[in-house]
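The values are calculated or read from the model by the stated rules, or taken from the named source; none is laboratory data. Computed from a prediction, not measured in an experiment: that's the story for all the values here. In this analysis, Cβ positions are derived from the backbone assuming ideal geometry, glycine residues included, and neighbour counts consider all displayed protein chains. For the accessible areas, the whole protein counts, side chains as well, though only heavy atoms, and no ligand, DNA or RNA atoms are used. Shrake-Rupley method; radii C 1.70, N 1.55, O 1.52, S 1.80 Å.
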Amino acid sequence: MRKKNIIVVGLQWGDEGKGKIVDLLSKEVDIIARYQGGNNAGHTVVSGSLSLVFRLVPSGMLNKDKICILGNGVVVDPVVLFEELDSLNKLGIEVKDRFFVSYKCHIIMPYHKRLDIARERLRGAGMIGTTGKGIGPAYEDKVARLGIRAVDLIDRDILYEKISLSLKEKNYLFKNVLGETVFNPDDLINKYLELGKRLKDFMIDSSEFINNKLDEGNNIMLEGAQGTFLDVDHGTYPYVTSSNTVSGSSLTGVGIGPTKIDAVIGITKAYTTRVGEGYFPTELKAELGNSIRDKGEEFGSVTGRPRRCGWFDANLIKEAAYLNGITGMVVTKLDVLSGLNKLKICTGYLLKGSIINHLPYSISDYDRITPVYEEFESWNGDIGGVRSFKDLPVNAQKYLIRLEEYTGLPIYIVSIGKERTQTIMLKNIFR
Ligand code: GDP
Ligand code: IMO
Ligand code: MG
């Protein structure tokens with residue numbers, strides 16, 4: 001029987017603990033690949049005294065014999081990538097011959113970052129709350145056929161022509177609309193050719209490479225970034241990121257076919273968080289939200305911004321389940337809920353006298369919905385040392401069982417701390 005290929009996605013608004021779980025599952029696969037997003041992602045892996053936040057490099061990188069790939073769907077800021085690779089090198093983590101970048105990846109240029117930040121300023125109170133890393137403008141250029149791909153960084157004439165073309169419109173915007181200074185292609189070309197020289201050693205055709213590896217009997221884990229409700233089509237638009245984050249996009253994002261995939265694993269926190277602006281039906285604005293934030297150390301891994309916190313929203317997860325074709329879920333940060341007085345799970349939204357079981361279609365309805373909750377007794381004490389379901393406090397067990405019932409998804413793994421070892425395995429995904 002061939003080894004299983006899996007996709008790992010976030011079921012909420014990002015930061016569900018994908019980094020920890022991808023690192024944990026890496027020992028079961030030969031290849032780990034990112035398929036979308038860029039360095040807006042911050043995936044934390046904790047191993048002993050080491051705590052690393054991966055921005056671009058896949059979270060399997062600490063497993064020294066694994067191959068890590070950035071598929072064509074990822075937007076790459078080469079400056080950030082090399083900073084990350086250099087710091088891994090300093091830690092003695094060898095990347096040579098096991099880290100690769102698709103030659104088709106689109107490159108985040110300095111003008112994308114400037115555009116991202118200036119646009120947010122222009123939006124004022126209606127800002128998205130982006131990470132300011134140039135993600136949106138880089139994807140816009142890709143779709144507008146103005147993008148610079150990794151492979152373009154190794155050809156001076158093509159690079160010069162492409163930068164000049166892309167800047168024609170942007171410089172007009174910078175100067176006349178956004179009140180920003182303009183870019184001169186001559187100031188960018190040498191630096192990006194230098195970066196290209198270094199990137200060349202890592203470049204592959206991710207599709208050809210991965211398909212060959214799979215044919216040879218290897219298996220792959222596709223690592224999602226952001227979360228389902230930041231998806232540009234299915235998320236809480238316009239408060240979303242600029243890529244498709246759902247599992248379907250992982251196939252185009254590395255260039256393999258759907259017949260290769262055996263399981264889709266969804267990661268969710270035992271409660272909900274969101275960073276940046278936008279709708280969040282179960283948000284807790286007052287004290288309780290702050291206490292979850294403090295206990296769960298809910299501050300953005302990329303921007304340090306406080307994450308907004310709220311109750312578990314089973315409605316949202318049900319929707320995420322069919323959007324991604326989830327086979328089973330991982331519930332993280334259960335430990336954070338210990339010691340709270342009461343717990344709540346949202347089971348539906350009340351809108352104009354009726355219960356709806358999906359996010360509102362029209363953005364004006366977000367202000368009109370009231371979440372409907374079921375209440376639970378909590379539990380006390382530190383559960384970080386528990387290693388089996390039956391050793392969890394009874395109320396924690398009941399809470400998890402209700403999560404399964406409400407979402408219709410089996411729980412495969414429960415995470416009760418940052419460390420790799422702070423994990424309760426309920427099912428081996430790869431058997
Ligand atoms: P990602 O973007 O989905 O990879 O998640 P982040 O790394 O941005 O945020 C998750 C945070 O929660 C990180 O600081 C993790 O170290 C931490 N974390 C992950 N799982 C657990 C858990 O079960 N309990 C606690 N207390 N922290 C966790
Ligand atoms: P990981 O992979 C949480 C949010 C931003 C903002 C919106 C758009 O660590 O889960 P962007 O810079 O992408 O144009 O910002 O998306 N966002 C994230 N929130 N986790 C992430 O990644 C995120 N990546 C982007 O805060 O609201
Ligand atoms: Mg994160």
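Could you tell me whether the stretch 37-77 comes out rounded, prolate or oblate from its Cα gyration tensor? Rule is a ≥ b ≥ c as square roots of the eigenvalues, rounded for a/c under 1.5, then prolate if a/b exceeds b/c, otherwise oblate. The partial results should precede the final answer.
On the way: a/c = 3.80, a/b = 1.46, b/c = 2.60.
Cα axes put the stretch 37-77 in the oblate bin.
More than 22 angstrom separation, counting every C-alpha pair in the stretch 98-235; what % is that? Present the calculation step by step, with values, prior to reporting the outcome.
Working: 4609 of 9453 pairs.
In whole percent, the long-distance tail amounts to 49.
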Checklist entry - Dividing the Cα radius of gyration by the Kirkwood radius, what Rg/Rh value follows for the stretch 303-345? => result 1.03
Checklist entry - With charges only on Cβ, +1 for K and R and -1 for D and E, what is the dipole size of the stretch 339-415 about its Cα centre, in debye, rounded to 20? => result 20
Item to check | Stokes-Einstein translational diffusion, the stretch 176-299 - Kirkwood Rh over all Cα pairs, 1.306 mPa s, 10 °C, in µm²/s | outcome: 83
Checklist entry - Over the stretch 285-328, with a single point scatterer placed on each C-alpha, what log10 of the ratio I(q)/I(0) does the Debye formula yield at q = 0.21, 0.29, 0.31 1/Å? => result -0.78, -0.90, -0.95
Next on the checklist: What is the percent carbon and sulfur in the accessible area of the chain, measuring with a 1.4 Å probe over the protein chains and ignoring ligands?
Outcome noted: 51
Item to check | Net charge of neighbours whose Cβ lies under 10 Å from the Cβ of Glu161, counting Lys and Arg as +1 and Asp and Glu as -1 | outcome: -1
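Using per-residue counts of other Cβ atoms within 10 Å, averaged over each peptide, order 361-367, 72-78, 346-352, 278-284 from highest down. If you can, show how the numbers build up before the last one.
Working: 361-367: 10.9, 72-78: 25.3, 346-352: 16.9, 278-284: 19.4.
With the highest mean Cβ count within 10 Å placed first, the list reads 72-78, 278-284, 346-352, 361-367.
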Next on the checklist: How far apart, in nanometres, would the label points at Glu194 and Glu375 be if each is projected 7 angstrom from Cα along the Cα-to-Cβ direction?
Outcome noted: 6.3
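Of all trypsin sites (Lys or Arg not before Pro) in the stretch 21-121, which ones are in loop regions per DSSP and have a Cβ with at most 14 other Cβ atoms within 10 Å?
Numbers: sites: Lys27, Arg34, Arg55, Lys64, Lys66, Lys90, Lys96, Arg98, Lys104, Lys113, Arg114, Arg119, Arg121; in loops: Arg55, Lys64, Lys66, Lys96, Arg98, Lys104.
Of the trypsin sites (Lys or Arg not before Pro), the ones in loops of the stretch 21-121 whose Cβ has at most 14 other Cβ atoms within 10 Å are Lys64, Lys96.
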Checklist outcome for this item: So Asp97 and Leu351, fully extended at 0.36 nm per residue minus their Cα-Cα distance, gain in nm 85.9 nm
Item to check | Candidate aspartates and glutamates - alpha carbon under 15 Å from Lys398, same-chain residues fewer than 8 apart omitted | outcome: Asp335, Glu374, Glu375, Glu377
Checklist entry - With springs only between Cα atoms under 10 Å, which of Arg420, Arg368, Arg387 fluctuates most in a Gaussian network model of the chain? => result Arg368
Checklist entry - aspartates and glutamates near Lys27 by alpha-carbon distance under 12 Å, same-chain residues fewer than 8 away left out - which ones? => result Asp65
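So, counting K/R as plus one and D/E as minus one, what does the shell of residues with Cβ under 14 Å around Gly353 add up to?
Numbers: positive: Lys352, Arg368; negative: Asp365.
With Lys, Arg at +1 and Asp, Glu at -1, the net is +1.
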Checklist entry - Debye sum, Cα scatterers, the stretch 109-152, no solvent: what log₁₀ I/I(0) at q = 0.23 1/Å? => result -0.75
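Just to confirm the filter: which GluC sites (Glu not before Pro) across the stretch 136-242 are DSSP coil and have at most 13 other Cβ within 10 angstrom of their Cβ? Present the calculation step by step, with values, prior to reporting the outcome.
Numbers: sites: Glu140, Glu161, Glu169, Glu180, Glu194, Glu208, Glu216, Glu223; in loops: Glu180, Glu216.
Filter output for the stretch 136-242: Glu216.
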Checklist entry - What does the accessible area per residue of the chain come to in Å², with a 1.4 Å probe and no ligands, DNA or RNA counted? => result 42
Checklist entry - What's log10 of I(q)/I(0) for the chain at q = 0.07, 0.08, 0.11, 0.14 Å⁻¹, Debye sum over Cα points only, no solvent? => result -0.34, -0.44, -0.84, -1.31
